[in-house]
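The values are calculated or read from the model by the stated rules, or taken from the named source; none is laboratory data. Everything quoted here is computed from the prediction, not taken from an experiment. Because the Cβ atoms are built from the backbone with ideal geometry, glycine has one as well, and the counts that use them run over all protein chains shown. Just so you know, the surface numbers come from the protein's heavy atoms only, side chains and all, with ligands and any DNA or RNA stripped out. Shrake-Rupley method; radii C 1.70, N 1.55, O 1.52, S 1.80 Å.
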Amino acid sequence: MSESPDEIQNAAETSPVSPFEPEPSKGETFGSEAPVTGQTKMQAAWSSDVENAESTAQVAAMPQGQIFEQIYQPWNGTLNPRWMRNWAILRHHVLGIFSKGHRPWNVPTKLFIFFVVIASMTDAAMALLFGMIGDTALYDIWGVNRDNMYGHVMGFFPRNILYYPIVAALLVGGMISEDRANGTSAMYFSRPINRFDYAAMKFLSVAIILFFIINGTLAVYYFVDILVMGRGWSWIIDTFPMFLATFACGIILSFTYTSIGLALSSVSRGRFFPAIGLIAILIGTKSMAAIINGLFDKSVLYVISPYDAVAHVCQALIGTEMTYDHPWVWSLISVIVINGLALYLLANRVSSLEVTRE
């Protein structure tokens with residue numbers, strides 16, 4: 001049965017309106033109410049006057065002016081000094097290995113670092129063992145001498161093929177890349193922290209951990225020999241310059257691995273690429289240079305290998321036997337250039353970090 005047009009119109013006018021109607025746009029008015037500005041939750045009660053055949057809406061009263069007001073108050077308190085802000089960043093990364101409440105290093109990283117520290121003290125353990133039992137032949141192999149001091153820091157196998165590159169890769173994997181991916185840089189730069197301090201503290205965090213692993217075990221190795229063998233001042237005076245030279249080599253090695261690793265971390269947004277990239281650069285360049293040296297008997301290509309360039313410089317510093325044919329000054333220039341390029345890339349990428357998630 002069809003309905004007349006008047007009945008359809010009356011039904012449309014008297015039908016209830018859904019409470020989920022979209023909110024009116026800005027500037028829309030209701031009767032004598034003021035224009036609605038901003039966004040708010042509106043509650044309306046619709047009623048129908050059957051006699052007058054017209055519907056009305058009772059709209060909740062709206063406050064005049066802005067509905068939401070944001071006022072940024074300047075900080076009038078006393079800021080911590082610059083060194084304290086930097087120390088907060090440094091301890092956040094370094095102390096996370098030992099205690100909670102800081103950077104949450106994962107369990108495999110902690111276990112591998114612990115394993116590397118124990119494995120790096122095998123020289124000290126062997127020197128202690130053969131020094132106590134009085135076996136001079138075996139002690140000469142493991143005891144403190146010029147070649148052993150060099151090998152303790154720069155021994156390619158297993159230290160610089162298994163221990164130190166993997167530790168550096170685990171440390172630098174997400175040091176900067178996770179800040180770029182997760183927007184954590186916004187938390188840093190919203191504080192009074194400049195980009196130089198940010199990059200410097202990230203660099204020191206990785207370098208300090210590597211420093212304690214490499215130079216800390218070196219110092220244990222040297223002083224264990226003094227205590228076990230009862231060395232006198234004459235022996236200490238003769239060998240201490242060699243120890244300082246080896247100590248400087250450990251610093252150069254830690255600095256180089258850190259600069260390359262953080263440069264890779266700054267151009268990435270994940271943990272995988274910086275870690276694999278660092279290992280590939282260290283092992284790949286050495287393998288390529290070794291192949292060229294074996295085919296053409298030319299060692300000059302070792303200057304492109306960060307490990308071999310540092311090893312050649314350390315051979316000159318310690319005074320041990322040279323294993324490269326080209327001048328060690330070329331390797332020194334290579335070390336400076338490699339670190340310079342890595343630090344330039346790191347500074348350039350940190351300067352482009354946004355204060356929001358990229």
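Taken together, the residues in the range 109-128 that are in contact (Cβ under 8 Å) with a residue 12 or more places away in the chain and in a helix (DSSP H, G or I) amount to 13. For the range 243-281, a residue qualifies if it is part of a helix (DSSP H, G or I), open to solvent by 10 Å² or more (accessible area, probe 1.4 Å) and over 19 Å from TYR307 (Cα atoms), and the qualifying residues are PHE243, LEU244, PHE272, PHE273.
Scanning the range 177-200 for residues that are open to solvent by 30 Å² or more (accessible area, probe 1.4 Å), part of a loop (DSSP other than H, G, I, E, B) and modelled with pLDDT under 85 turns up THR184, SER190, ARG191, PRO192. Of the residues making up the range 78-130, those that are open to solvent by 90 Å² or more (accessible area, probe 1.4 Å), of a type in the set (D, E, K, R) and more than 22 Å from THR217 (Cα to Cα) number 2. Within the range 249-277, being farther than 18 Å from PHE157 by Cβ and of a type in the set (A, V, I, L, M, F, W, C) holds for ILE251, ILE252, PHE255, ILE260, LEU262, ALA263, LEU264, VAL267, PHE272, PHE273, ALA275, ILE276. Take GLY174 and tell me if it is in contact (Cβ under 8 Å) with a residue 24 or more places away in the chain, of a type in the set (Gly, Ala, Ser) and open to solvent by less than 10 Å² (accessible area, probe 1.4 Å). When the stated conditions are applied, GLY174 passes them. Restricting the range 222-242 to residues that are touching a residue at least 24 places away in the same chain (Cβ under 8 Å) and farther than 20 Å from GLY155 by Cβ leaves a set whose member that is least open to solvent (accessible area, probe 1.4 Å) is VAL228. When the test is whether a residue is modelled with pLDDT of 95 or more and under 30 Å from ILE141 (Cβ atoms), PHE203 does not pass it.
Based on what the data block shows, is ILE333 among the β-branched types (Val, Ile, Thr) and modelled with pLDDT under 95? No: the conditions fail for ILE333. Filtering ASP140, ASP135 for residues that are farther than 23 Å from LEU210 by Cα, open to solvent by 60 Å² or more (accessible area, probe 1.4 Å) and free of Cβ contacts under 8 Å to residues at least 60 places away in the same chain leaves a single hit, ASP140. State all residues of the range 95-133 that are touching a His at 6+ places or on another chain (Cβ under 8 Å) and not small (Gly, Ala, Ser); if no residue qualifies, say none. Of everything in the range 95-133, those that are touching a His at 6+ places or on another chain (Cβ under 8 Å) and not small (Gly, Ala, Ser) turn out to be LEU95, HIS102, ARG103, ASP123.
Restricting the range 292-336 to residues that are touching a Lys or Arg at 6+ places or on another chain (Cβ under 7 Å) and in a loop (DSSP other than H, G, I, E, B) leaves a set whose member that is surrounded by the most Cβ atoms within 10 Å (Cβ to Cβ) is SER305. Among the residues of the range 225-232, some residue qualifies, meaning at least one is out of contact with any Asp or Glu (no Cβ under 7 Å at 6 or more places or on another chain) and either of a type in the set (Val, Ile, Thr) or at pLDDT 95 or above (or both).
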